[in-house]
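Just below is one structure, and these are the notes that go with it.
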Amino acid sequence: MKVLHVITCLGDGGAEGTLYRLISHCKNHEYYVVSLMGQGKYGPLLREQGVKVYSLNLPQGRVTISGLVKLYRLIKEVDPQIVQCWLYHADLIGGIVARIAGVRKIYWGIRHSNLSVGTVKKSTIITAKLSALLSRLVPYKIICCSEEAVTAHINIGYVPKKFILIQNGYDLSLYTPLNLPDSRMKKQLNLPTDIPLIGMVARFNPQKDHFNLITALANLKKEGIDFFCILIGVDVNDSNQQLKGWISKFSLDSNIMLLGSRNDIPIIMNTIDIHVLSSLGEAFPNVLAEAMACGTPCVTTDVGDAAIIVGDTGWIVKPQEPQLLAEALSNAIKQLNDPESWSNRKVSARKRIVENFSIEKMVSSYNNAWTME
């Protein structure tokens with residue numbers, strides 16, 4: 001089949017990464033990708049896979065007539081059997097234009113579970129609610145990556161019978177235990193080699209709640225527990241004055257390093273001892289599965305499907321409760337000092353991802369969804 005994907009952008013994000021993994025591991029179809037904005041990180045990577053990638057270059061937060069006309073002409077030219085949209089704005093814009101262009105099988109993609117005012121843009125909330133009103137008319141089916149996201153969107157008016165749950169899948173040959181010497185990456189980054197290394201991979205965004213993590217780490221330090229923490233992600237760097245201010249406020253400058261965006265996440269996941277996620281809202285947090293696939297146990301807030309991913313292999317606490325997050329990190333560090341127990345936990349973490357969240361399972365689920373009548 002010809003499958004045309006419409007996505008808001010192709011930057012370094014969870015939906016973009018999932019789209020790339022899906023296309024990379026499913027060669028059954030002829031793919032086209034349209035980004036409402038620019039090429040970002042994944043545009044060139046998709047082109048290397050032989051995918052035709054188009055950019056509408058719409059200004060952020062705005063729609064132009066010329067952009068809509070270009071999208072309409074692209075859809076008519078490609079004449080796809082399937083239009084798969086990703087994220088709210090692409091669902092709404094791509095879905096409506098594809099419907100006008102005569103496409104019958106339009107699939108929306110929802111990857112969000114928290115629409116609380118103050119944690120997401122007002123325009124995003126408006127777009128989601130408008131999409132709820134149109135969900136009866138535009139999409140053939142709605143693909144959601146998490147159970148909590150399905151519930152949250154039914155609650156704001158999306159048509160329940162149209163939902164299909166497809167959880168994310170991962171390339172387990174890429175995210176795998178590498179058995180690296182403990183000192184390799186640590187020496188490269190000038191990290192301490194004799195104390196527990198905590199890490200969090202997350203862009204700087206209110207949903208990720210870095211303040212929750214910083215406060216938890218401050219509590220950990222007050223308890224006299226030795227640790228070092230590396231933070232990785234978009235805008236998580238020394239230019240981020242707000243984040244740097246929080247770190248200085250709690251006297252954590254000697255305990256935390258900001259590494260910004262990186263392209264070696266599997267190595268990072270293999271280098272850290274514990275991956276932590278401090279979010280107040282998620283759908284299906286990829287970083288937990290990626291860390292666990294590398295054999296790295298996780299401490300996470302109970303957001304989205306985090307508890308489903310982690311199961312009994314890690315520690316799960318309420319969001320926005322830094323004392324509870326600190327206690328969970330403390331318990332993890334204590335077990336880290338028991339080599340046999342920690343080794344068993346690492347094996348269990350990897351096994352859970354292998355058995356439940358493989359890329360093959362995700363690809364099969366998308367193919368089944370696209371071919372259903």
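The values are calculated or read from the model by the stated rules, or taken from the named source; none is laboratory data. Quantities reported herein were computed from a predicted structural model and do not represent experimental measurements. All Cβ positions, glycine included, derive from the backbone under ideal geometry; neighbour counts span all protein chains shown.
Observations on the model:
- Looking only at region 265-296, and only at residues there that are out of contact with any helix residue (DSSP H, G or I) (no Cβ under 7 Å at 6 or more places or on another chain) and buried (at least 24 other Cβ atoms within 10 Å of the Cβ), the one that is nearest to ILE333 (Cα to Cα): ILE272
- Checked across region 289-300, the condition of being among the acidic types (Asp, Glu), within 16 Å of ARG21 (Cβ to Cβ) and in a helix (DSSP H, G or I) holds for at least one residue.
- Qualifying residue in region 102-114 (condition: of a type in the set (Ser, Thr, Tyr) and either at pLDDT below 90 or assigned to a loop (DSSP other than H, G, I, E, B) (or both)): yes
- Residue in region 332-340 that is in a helix (DSSP H, G or I), more than 24 Å from ALA216 (Cα to Cα) and either out of contact with any Cys (no Cβ under 7 Å at 6 or more places or on another chain) or at pLDDT below 95 (or both) present: yes
- Hits in region 55-89 (condition: over 27 Å from MET372 (Cβ atoms) and in contact with a helix residue (DSSP H, G or I) (Cβ under 8 Å, 6 or more places away or on another chain)): SER55, LEU56, ASN57, LEU58, GLY61, VAL63, LEU68
- Residue match in region 314-328 (condition: touching a residue at least 60 places away in the same chain (Cβ under 8 Å), at positive phi and not in a helix (DSSP H, G or I)): yes
- So TYR20, is it closer than 21 Å to GLU282 by Cβ and modelled with pLDDT of 95 or more: yes
- Residues of region 212-228 that are closer than 17 Å to GLN323 by Cβ, crowded, with 18+ Cβ neighbours inside 10 Å and among the hydrophobic types (A, V, I, L, M, F, W, C): LEU213, ILE214, ALA216, LEU217, ALA218, LEU220, PHE227.
- Meets criteria (at pLDDT below 95, in the same structural domain as LYS76 (by TED's automatic domain parsing) and buried (at least 23 other Cβ atoms within 10 Å of the Cβ)) for SER123: no
- You will find that of VAL159, VAL234, VAL201, the residue that is of a type outside the set (S, T, N, Q) and assigned by TED's automatic domain parsing to the domain that holds ILE110 is VAL159 and no other.
Here's the yes/no breakdown for (1) surrounded by 12 or more Cβ atoms within 10 Å (Cβ to Cβ); (2) within 24 Å of the chain's Cα centre (by Cα); (3) not assigned by TED's automatic domain parsing to the domain that holds GLN81:
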{"position": "ALA332", "(1), (2), (3)": "yes, yes, yes"}
{"position": "LEU336", "(1), (2), (3)": "yes, no, yes"}
{"position": "VAL363", "(1), (2), (3)": "yes, yes, no"}
{"position": "TYR366", "(1), (2), (3)": "yes, yes, no"}
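- Criterion applied to ASP226, ASP253, ASP235 was being part of a loop (DSSP other than H, G, I, E, B) and either closer than 25 Å to GLY295 by Cα or touching a strand residue (DSSP E or B) at 6+ places or on another chain (Cβ under 6 Å) (or both), and the one residue passing it is ASP226.
- Any hit, region 270-282, residues being in contact (Cβ under 8 Å) with a residue 24 or more places away in the chain, under 15 Å from the mean Cα position of the chain (by Cα), outside the structural domain of LEU87 (by TED's automatic domain parsing) and under 13 Å from ALA349 (Cα atoms): yes
- Looking across region 1-59 at every residue that is of a type in the set (Lys, Arg) and assigned to a loop (DSSP other than H, G, I, E, B), the one that is nearest to ASP235 (Cα to Cα) is identified as LYS41.
- Total residues in region 95-120, condition more than 17 Å from the chain's Cα centre (by Cα), of a type in the set (Lys, Arg) and buried (at least 19 other Cβ atoms within 10 Å of the Cβ): 1
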